[in-house]
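*Asks:* Encoded as structure tokens, here's the structure I'll be asking about.
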Amino acid sequence: MLEKIKATATFISEIVKKPVDAGIILGSGLGGLVSEIEIERTIPYSEIPDFPVSTVDGHSGKLIFGKLAGKNVLAMQGRFHYYEGYSMKEVTFPVRVMKMMGINTLFVSNASGGLNPDFKVGDVVLITDHINFFPEHPLRGKNLNELGPRFPDMSKSYDEHLRNKAKAIALKNGISLKEGVYVGVSGPTFETPAEYLMFRHLGADLVGMSTVPEVIVARHMNMTVFGISIVTDSGVPGQIVEISHEEVQEAAMKAEPNMTMILKELVAGL
Ligand code: HPA
């Protein structure tokens, strides 16, 4: 496993040829940040040794390397979801590769269902913490001691310094920025009304099908993590309506400029 991570990191480093300041994982419908990057290299996942092979039609992801706000960033346009059938090791492999390339800061975005009654569709929400509700843990199995400890601490997973900066950026730009706890679930079904209510009772403000595995693996390796979410549908009793993936993507795309602004300014300040 470690050899594969190292080999893939070397492969990408030799293509980008520069030190990378930050890794970025873009959620579905949230690829617009890419248009802000002065792209220097585009690497389709299919050309990267040991990168998971895409299982979903037309879902061909790629790594984008270039300058964002003066910093060198490596962005994943398209992530690997557990519901697609990837193992947790595959879902989190790119994050391990990023760290092995010397990247110490990870920005993660996603679309989510809003559980907090104060949230509305289109809200941008800072992720303050998470609840891991996936049926499999990404760190299950033999620990890779070279990457991190057997029993990683998770008490400060979403960097407070970056969160405070994000709040200041939002304030300065007149963007209303909410804060909340994200519960990560396997999907691919959206929740029943009873499940939305259960997750609210468990202490979550948002629910989604990604992010938690990548953040766990990033924190195992002591990376600094920033997470941001766009509420694309409501899981609040009385407000739940039928939704589709397309509607989720559309709602994400509408709110994306606000999220992109925050991410860009955060990267600028690295
Ligand atoms: N539930 C789970 N995942 C999601 C949702 C949701 O309501 N919206 C976007 N991703």
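Here, each number is a calculation from the coordinates, and none is a lab measurement. Keep in mind that what you see is a predicted model, and the values were worked out from it rather than measured. Here the Cβ is made from the backbone with ideal geometry for all residues, glycine too, and neighbour counts use every protein chain on show.
*Asks:* Output the relative contact order of the stretch 109-233, whole-number percent, from Cα pairs under 8 angstrom with separation of 6+ residues.
*Replies:* 53 percent
*Asks:* Given +1 on the Cβ of Lys and Arg, -1 on the Cβ of Asp and Glu, and no further charges, what dipole in debye does the chain carry about its Cα centre, rounded to the nearest 20?
*Replies:* With Lys and Arg at +1 and Asp and Glu at -1, about 980 debye.
*Asks:* For the chain, which span is the longest to avoid every loop-located (per DSSP) member of GluC sites (Glu not before Pro) having at most 10 other Cβ atoms inside 10 Å?
*Replies:* Excluding the exposed sites themselves, the longest stretch runs over 1-145.
*Asks:* In addition: So what is the relative contact order for the chain, in percent, with contacts set as C-alpha pairs under 8 Å and at least six apart?
*Replies:* 27 percent.
*Asks:* Each label point is 7 Å from the Cα along the Cα-to-Cβ direction; what then is the distance between the points at residue 192 and residue 128, in nm?
*Replies:* 3.1 nm
*Asks:* Which of 8, 261, 234 sits closest to the plus end of the dipole of the stretch 2-268, meaning its Cα is farthest towards the positive end, when Lys and Arg get +1 and Asp and Glu get -1 on the C-beta?
*Replies:* The residue sitting most towards the positive pole is 8.
*Asks:* Scan the chain and report its longest stretch carrying no trypsin sites (Lys or Arg not before Pro) that are both in a DSSP loop and have at most 11 other Cβ atoms within 10 Å.
*Replies:* Formally, the longest exposed-site-free interval is 18-139.
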